[in-house]
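Undergrad: Here it is: the structure, laid out below.
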Amino acid sequence: MTDLDQRIASVLRERAEGETDTRRLLEASQARGRRRKLRRRTATGTALALVGVLGFVGVTGTEFAGLSRQLPWAAATPAVAAPVPPRADGVPGAAQRPDLVGTDPQVLHLGVDTSQARYLGWAVYRSNQLESIRFNVNGGQPVLVEVSRSAQMINELLIDNVPIQEAVVRLTFDGVVRQFGRTGTGLVTAWQPAPGLYARASMLAGDRSVLVKAVDAIRWDEARRCVAPLRLSTLPEGAAVSACSVDVAAFPRGLKVELTLYREPAATMWVKLLYGAGMGESTTEGNRVVGGRPGYLYPDGAKLELLGFPKARLTADFSWPTKGFTEADATTVLAGVQVAKDLGDPETWD
């Protein structure tokens, strides 16, 4: 699910009465996203499009040259071990409490066997009752696992931007591995890991044995925190964190963190931290003061950046919907933000 898909689907699911035609909505939102990305290219220069369920869409600017130009799932596995979300002590896993899945944006109710699998990313979307992890086993093809208390949600999600409607057989939760996509190179399987819980594992290419090994590496009896090198200590009145996503596929060369804030009736803000080992400090001159530090309000008046982070960009995007969060709200959030001392060292994140 792309960043824009997540934004629109999440808000409408929070507010909608009755059934929502999510397929038509997502297709329309993708078109809108392409137009928006074109506008951003004109405004800020060369675009780096990092796509995937964790929201790597619309990140722009020539200052991001230090990050890999490859898609996250195509990037070579770095020699340095990727970060691992820490255990959430005292919190039951999905096998024990399936009803907790997707209820807390700071907690993942599943994990993987780190003796054989490497985390590439993780995410929780409360409004969609969805948790996901991306990983590979023994350096193999990346696998995306998504779990929800809603079978409909799992069936309606795009598989890494490939509509499930293009699958050879529509998903049934029977554990059978099936091909999907026009070329049939993608593989997907869906099953119920616990009563009332629905899971899907997919990969864009590879053989069935890789997908089976990946499923075997999932641990349903543990919980982990959606930890990130970014903390929000101050929130606007009435706002709460509704989603957390971390992508470490390119780590230690780079990473991306996104925390989503939501406030009734339909206000959404995305706080994003983008890190690249080859990035320098921003050359943008501040035009705002944010918590005593220089900040920069973008010309469209819908995104505020907190300056002064070596090799990183920290922004609060409150561009959609138009009537929701304000610049003052974004200032409140960024003024109280806490960023890890060393973004390249996961030991400093928590």
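Undergrad: Which net charge results for the neighbourhood of K341, defined as the other residues with beta-carbon distances under 12 angstrom from its beta-carbon, given Lys and Arg at +1 and Asp and Glu at -1?
TA: Summing Lys/Arg as +1 and Asp/Glu as -1 gives -4.
Undergrad: Could you derive backbone 3J(HN,Hα) for the stretch 333-349 from the dihedral phi with the Karplus parameters 6.51, -1.76 and 1.60 (θ = phi - 60°), listing whole Hz in sequence and x where the residue is Gly or Pro?
TA: 5, 5, 5, x, 6, 10, 10, 4, 5, 10, 5, x, 10, x, 5, 9, 6
Undergrad: Sequence-distant or interchain residues sharing an amide H contact under 5 Å with V107, placed H: which?
TA: Placed amide hydrogens put C226 under 5 Å from V107.
Undergrad: Averaged per residue, what accessible surface does the stretch 107-244 expose to a 1.4 Å probe, in Å²?
TA: Normalised by residue count, the accessible surface of the stretch 107-244 is 36 Å².
Undergrad: Ok, one more. Starting from the stretch 271-350, pick out the trypsin sites (Lys or Arg not before Pro) whose DSSP state is loop and whose Cβ has at most 12 other Cβ atoms within 10 Å.
TA: K323, K341
Undergrad: For the stretch 104-208, which trypsin sites (Lys or Arg not before Pro) are in a loop by DSSP, counting at most 11 other Cβ atoms within 10 Å?
TA: R170, R182
Undergrad: Restrict the search to the stretch 161-269; then list the GluC sites (Glu not before Pro) that DSSP places in a loop and that have at most 13 other Cβ atoms within 10 Å of their Cβ.
TA: Counting only loop positions with at most 13 other Cβ atoms within 10 Å, the GluC sites (Glu not before Pro) in the stretch 161-269 are E237.
Undergrad: Something else: Students often check this: by mean Cβ neighbours within 10 Å, which of 89-99, 105-115 ranks highest, and how do the rest follow?
TA: Top to bottom by mean Cβ count within 10 Å: 105-115, 89-99.
The values are calculated or read from the model by the stated rules, or taken from the named source; none is laboratory data. Predicted, not measured: the structure shown is a model, and the values here were computed from it. Methodologically, a virtual Cβ is constructed for each residue, glycine included, from the backbone with ideal geometry; neighbour enumeration extends over all protein chains shown. With ligands, DNA and RNA removed, areas are computed over all heavy atoms of the protein, side chains included. Shrake-Rupley method; radii C 1.70, N 1.55, O 1.52, S 1.80 Å.
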